[in-house]
Amino acid sequence: MTTALLARKVGMAQVFGDDGRCFGVTVLEAGPCPVVQVKTAAADGYDAVQIGFGPVRRRAVNRAQAGHFEAAGVEPKRHLREVRGAAAAEAGEVLTVAAFEVGAEVDVTGVSKGKGFAGQHKRHNFGRGPVTHGSHNIRQPGSVGSVDAARTLPGLKMAGHLGDRPTTVQRLEVFRVDPERNLLLVKGAVPGANGGILMVRSSRPRIRKPRGQR
């Protein structure tokens, strides 16, 4: 079953392990996340658990939202997310970072940093053209299709909007868990800027296939 929490990215830091090695970690403020609603296949068509994160003033939610939180017996939350395949839970139950263990692997999903309109070299890692003999095509995109087509075919790697899209980094190792301060330290970088909202899930177990099979 999946263990999931909503978190806020605090920033990156350097920490030392027991063996004296230095690691780059990302500090996440994960939870507490109360269970706001439990959906079932019989009533809703699928099984899921809806969790909330982040306080919000009562007057900032409308009457329908206030009734939704009141039915679960929890205070209004700013962010709501559904988690499918989560462990069994009841409305009003509070999930914390204590559900994760040091050394476990997690998948972190967030919105990547938006970098605006970018060229094909920055967006798709294109190589540049020759610099010598006045070629004047150092950073040009090159050919974009056949002359007979008389149009630009869809799906070509060209300049455009870069970043600002949902991104998942898989199998990050949990370095430290601090239930008292609701902090989770994971090795490596996670998507988004500081202060961004993230979904932290336990990674699925790896399925190793025999050699020669795909």
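Note on residue 187 and residue 150: with the Förster distance fixed at 41 Å, the Cβ-Cβ geometry gives a FRET efficiency of about 0.20. Of the residues 143, 112, the one with the fewest other Cβ atoms within 10 Å heads the list, and the complete ranking is 143, 112.
Would you compute, from DSSP H runs of 4+ residues alone, the mean residue ellipticity of the chain at 222 nm, taking -39500 (n - 2.57) per run and dividing by the full residue count, rounded to the nearest 500?
On the way: 3 runs with 19 residues, N = 214.
Result for the chain, helices only: -2000 deg cm²/dmol.
Using the count of nearby Cβ atoms within 10 Å as a rough guide to exposure, how do 174, 106 rank from fewest to most?
In increasing order of surrounding Cβ atoms, one gets 174, 106.
When you restrict to C-alpha pairs under 8 Å that are six or more residues apart and normalise by the size of the range 115-162, the relative contact order lands at 53 percent.
Using a 10 Å cut-off around each Cβ, can you sort 95, 5, 162 from fewest to most neighbouring Cβ atoms?
On the way: 95 23, 5 26, 162 17.
Neighbour counts put them in this order, fewest first: 162, 95, 5.
In this structure the amide hydrogen of residue 163, modeled in the peptide plane, comes within under 5 Å of the amide hydrogens of 115, none closer than 5 places in sequence on its chain.
No value in this document is a laboratory result; all are computed from the given coordinates. Fair warning: this is a prediction, and the values are worked out from it, not measured in the lab. Note: ideal-geometry Cβ built from the backbone for every residue, glycine included; neighbour counts use all protein chains shown.
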